[in-house]
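Novice: First the structure, then my questions, so here it is.
The values are calculated or read from the model by the stated rules, or taken from the named source; none is laboratory data. What you see is a predicted model, and the numbers here were worked out from it, not measured in a lab. When we count neighbours, we look across all protein chains shown, and the Cβ atoms used for this are built from the backbone with ideal geometry, even at glycine.
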Amino acid sequence: MVVEDSTECEDGGKAIVREMVPYEVDSLILKLLKQWIQERLKRGKEHLQRTTETETWNPKSKTEPYAHSAAEVIKFAKEAVENFFDIPVNVSENLVYDLADGLEHLLRDYITFVASCGSKQSYLPTLPPLTRSSQDSKFLKLWKKAACSVGVEDPNYNMLNEGNNPRPSTSRGTQRLYIRLNSLHYLLLQLHSIDKTLSLSPKVIPAPNGRFGNRKQIGSSYFEHSRSAIQVASQHVSEVAAYRLIFLDSHAVFYGNLYVYDVINARIRPALRILKQNITLLCAIVTDRAQPLALKEVMKASFEAYLMVLLAGGSSRIFNRSDHPMIEEDFQNLKKVFCTCGEGLMVEDVVEREAETVEGVVALMSQSTEKLVEDFSIVACEASGNRTDPNTILRVLCYRNDPAANHFLKRTFQLAKRRASH
């Protein structure tokens with residue numbers, strides 16, 4: 001334009017052009033794009049805060065079993081990426097990373113919010129102090145006599161075991177944890193779509209010598225940190241949900257009722273019926289891809305509850321050596337639930353591996369008291385695994401119902417007999 005207006009000049013206007021200050025279009029565009037990214041991310045943080053403040057962890061709809069907040073954060077991320085590429089200029093790869101990094105910070109804040117659901121420790125019962133068994137308790141003898149004469153059953157059993165059609169005991173709080181888990185997996189699935197949009201846009205100018213160097217390799221993700229955070233959060237939420245289900249929702253029929261007063265009248269069958277119903281409900285709520293992890297954590301929590309019944313069941317539980325076959329059969333049936341649940345989602349090898357610790361303790365219960373005392377003396381200064389852990393053997397002895405165990409515990413540890421709970 002300047003040259004056209006300078007046709008009368010001898011040099012055709014070249015001198016005037018050389019005197020002009022260059023207008024750095026690229027620098028201006030870069031500045032404006034960075035400003036656009038910062039403003040958009042600021043809006044995203046404000047939107048995320050408003051969304052999370054009203055989250056109730058109910059499914060968005062029947063066909064969308066994740067939280068409303070998860071849908072909102074993904075909607076914002078997708079719109080930000082689409083609007084970024086709608087700007088009618090080519091963009092450098094460094095700018096793409098600026099946008100992706102900002103979105104990732106936003107996503108990780110949301111993932112932290114989803115995973116803020118407590119810990120499994122809050123659902124574990126307090127371990128009772130170690131005392132000797134109370135096989136001569138007058139209360140226990142009266143209870144057994146009444147049970148034999150009139151068929152007394154635990155009231156919790158009657159409440160939960162309604163004939164052959166027990167209702168699942170999964171509370172609303174646990175179901176909300178399942179929605180948190182679904183929300184995390186929804187994020188993981190949608191990140192793939194956003195990643196694809198960022199990677200395949202024809203407007204991106206490669207910057208091999210940019211500040212990110214060769215960070216983006218073929219097959220890698222702009223959201224690697226978010227993906228890792230989702231995996232960790234999913235593990236945590238699954239664990240908390242499982243321990244809440246087993247130790248709180250199912251307490252009355254599992255840890256609170258199994259083997260109370262004696263083994264033969266308080267077997268595991270009622271607990272297994274409830275457990276199967278709870279697993280059916282879990283599979284109906286939790287999305288397919290999240291089910292294997294959720295079921296594995298339920299299995300681990302169930303095995304831990306069973307172990308606590310045997311080793312830390314309180315004053316209402318005592319065991320005879322003759323109880324071992326029933327206890328062994330019950331645990332085998334508990335394992336079968338997880339080998340067949342969720343249409344075979346649990347691999348049998350995984351079940352067996354997780355069951356090893358409990359099976360070691362069950363095996364200890366088949367040994368004679370004299371053998372247990374001998375083993376305890378040998379390993380008292382060692383700790384090489386749960387079965388040979390002196391604390392484990394000591395707990396088996398404390399719950400062993402025979403005079404030899406009581407004599408050893410009184411002579412060696414001066415442990416008093418526990419009082420039967422009413």
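Novice: Quick one: count up the residues across region 385-418 that are of a type in the set (Val, Ile, Thr), modelled with pLDDT under 85 and in a helix (DSSP H, G or I).
Specialist: Count: 0.
The rows are residues; the columns are (1) more than 18 Å from TYR222 (Cα to Cα); (2) out of contact with any Lys or Arg (no Cβ under 7 Å at 6 or more places or on another chain); (3) part of a helix (DSSP H, G or I); (4) of a type in the set (Gly, Ala, Ser).
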residue: LEU33; (1), (2), (3), (4): yes, yes, yes, no
residue: THR51; (1), (2), (3), (4): yes, yes, yes, no
residue: SER61; (1), (2), (3), (4): yes, yes, no, yes
residue: PHE76; (1), (2), (3), (4): no, yes, yes, no
residue: LEU99; (1), (2), (3), (4): no, yes, yes, no
residue: GLU104; (1), (2), (3), (4): no, yes, yes, no
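Novice: Mind counting the residues in region 304-341 that are surrounded by fewer than 17 Cβ atoms within 10 Å (Cβ to Cβ), of a type in the set (Lys, Arg) and under 18 Å from ILE264 (Cα atoms)?
Specialist: Looking only at that region, the number is 1.
Novice: Return only the number of the condition from (1) closer than 19 Å to SER169 by Cβ; (2) crowded, with 22+ Cβ neighbours inside 10 Å that GLN277 does not satisfy.
Specialist: (2)
Novice: A further question follows. Scan region 299-344 residue by residue and report those that are in a loop (DSSP other than H, G, I, E, B) and touching a residue at least 60 places away in the same chain (Cβ under 8 Å).
Specialist: ALA312, GLY313, GLY314, SER315, SER316, ARG317, ILE318, ASN320
Novice: Filter region 389-408 down to the residues that are within 30 Å of the chain's Cα centre (by Cα) and buried (at least 16 other Cβ atoms within 10 Å of the Cβ), then identify the one that is farthest from THR131 (Cα to Cα).
Specialist: Restricting to residues being within 30 Å of the chain's Cα centre (by Cα) and buried (at least 16 other Cβ atoms within 10 Å of the Cβ), the top hit is ASP389.
Novice: With respect to the numbered conditions (1) among the small types (Gly, Ala, Ser); (2) within 20 Å of TYR123 (Cα to Cα); (3) surrounded by fewer than 20 Cβ atoms within 10 Å (Cβ to Cβ), which one is the sole condition not fulfilled by ALA284?
Specialist: (2)
This table checks each residue for (1) among the hydroxyl-bearing types (Ser, Thr, Tyr); (2) part of a loop (DSSP other than H, G, I, E, B); (3) modelled with pLDDT under 95; (4) out of contact with any His (no Cβ under 7 Å at 6 or more places or on another chain).
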site	(1), (2), (3), (4)
ARG176	no, no, no, yes
ILE179	no, no, no, yes
SER193	yes, no, yes, yes
PRO202	no, yes, yes, yes
ARG215	no, yes, yes, yes
GLY219	no, yes, yes, yes
ALA233	no, no, no, yes
SER238	yes, no, no, yes
